[in-house]
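These notes concern the structure reproduced below.
Only the coordinates and a few stated rules stand behind these numbers; no lab work does. This is a predicted model, so every value here is computed, not measured.
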Amino acid sequence: MSFLSRNRNDAATYWAMTGNDSSGDPTFAAAKAIQVRWEQRSTVFTGPGGEEKNATDVVFVLEDMNPGDFLFLGASVVADPLTLKAAKEIHGFSKIPQLRGRDHERRAFLGARSR
């Protein structure tokens, strides 16, 4: 078990974007409670198109996530993260193999909402 796996001491809520409704608004899967390591710090990361972006938070997670998904620090049962002011949008995601190759380090880079 890695250092980060042992130190996921923060409760969070995760919403995966599933698509768009008939009016073009995003739709989300049901809220899912997860354990994470949430660091509130500014950092620069490379976006999916190769451009540099700023993140306000970096969250270490155990599962793959996608830009457009949402995370919230704490527990929530809200169905739509867009109605929860403190929910943050994932703007970037990285998955790096650990040295022994048994698992990956996964980081979600959060920022201001684009919607």
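In table form, for the structure just shown:
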item: Per-residue [θ]222 nm for the chain (sum of -39500 (n - 2.57) over DSSP H runs n ≥ 4, rounded to 500); result: -500 deg cm²/dmol
item: Option label - log10 I(q)/I(0) by the Debye sum over Cα atoms at q = 0.09, 0.13, 0.15, 0.17 Å⁻¹ computed here, alternatives (1) -0.46, -0.66, -0.75, -0.85; (2) -0.20, -0.44, -0.60, -0.79; (3) -0.23, -0.49, -0.65, -0.83; result: (3)
